[in-house]
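Written out below as structure tokens is the structure these notes cover.
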Amino acid sequence: GAPAVNATVTIAPDGLIAQTDAQGNFLVPNVAPGEVEIAAFLGTSAGTKRVTVGNGLTATGDLQMVEDPNPN
């Protein structure tokens with residue numbers, strides 16, 4: 001439930017990368033329209049979400065990360 005500060009966010013298949021800010025927010029400019037997968041990780045916590053990006057649109061949403069119970 002808390003913001004993930006300094007988490008790494010990747011956008012596939014574009015290979016774009018961003019970092020979250022102090023509030024857990026991130027912005028990835030110039031994502032090609034279509035279906036993409038957003039993945040985030042911080043330490044042993046991770047989460048993924050598939051979204052459809054519209055042409056020329058800015059969108060907001062939530063991505064929940066969960067702790068990996070067996071990180072090795």
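The values are calculated or read from the model by the stated rules, or taken from the named source; none is laboratory data. Since this is a predicted model, take the numbers as computed values, not measurements. Cβ sites come from the backbone with ideal geometry, for glycine too, and all protein chains shown count toward neighbours. The area values use the complete protein model at the heavy-atom level, side chains included, leaving out ligands, DNA and RNA. Shrake-Rupley method; radii C 1.70, N 1.55, O 1.52, S 1.80 Å.
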ask   = Which residue pairs have Cβ atoms closer than 7 Å, lie 6 or more positions apart in sequence or on different chains, and pair a first residue in region 51-69 that is small (G, A, S) with a second residue that is open to solvent by less than 70 Å² (accessible area, probe 1.4 Å)?
value = G61/V51
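Just to be sure before I move on: is A4 surrounded by 15 or more Cβ atoms within 10 Å (Cβ to Cβ), in contact (Cβ under 8 Å) with a residue 40 or more places away in the chain and either small (G, A, S) or touching an Asp or Glu at 6+ places or on another chain (Cβ under 8 Å) (or both) in the structure I sent? Break it down into steps so the answer makes sense when it comes.
Working: surrounded by 15 or more Cβ atoms within 10 Å (Cβ to Cβ): yes; in contact (Cβ under 8 Å) with a residue 40 or more places away in the chain: yes; either small (G, A, S) or touching an Asp or Glu at 6+ places or on another chain (Cβ under 8 Å) (or both): yes.
When the stated conditions are applied, A4 passes them.
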query = Can you name the number of the only condition in (1) touching a residue at least 12 places away in the same chain (Cβ under 8 Å); (2) open to solvent by 70 Å² or more (accessible area, probe 1.4 Å); (3) under 19 Å from A4 (Cβ atoms); (4) of a type in the set (V, I, T) that V28 fails?
reply = (2)
message = Out of everything in region 7-16 that is over 8 Å from the mean Cα position of the chain (by Cα) and surrounded by 12 or more Cβ atoms within 10 Å (Cβ to Cβ), what residue ends up being modelled with the lowest pLDDT?
response = D14
task = For D21, state whether it is open to solvent by 90 Å² or more (accessible area, probe 1.4 Å) and under 16 Å from N6 (Cα atoms).
result = no
task = Might you let me know whether region 53-68 holds any residue that is surrounded by 10 or more Cβ atoms within 10 Å (Cβ to Cβ), part of a strand (DSSP E or B) and out of contact with any Ser or Thr (no Cβ under 8 Å at 6 or more places or on another chain)?
result = yes
inquiry  = Name the residue that is most open to solvent (accessible area, probe 1.4 Å), counting only residues in region 32-52 that are within 21 Å of T8 (Cβ to Cβ) and part of a loop (DSSP other than H, G, I, E, B).
reply    = G43
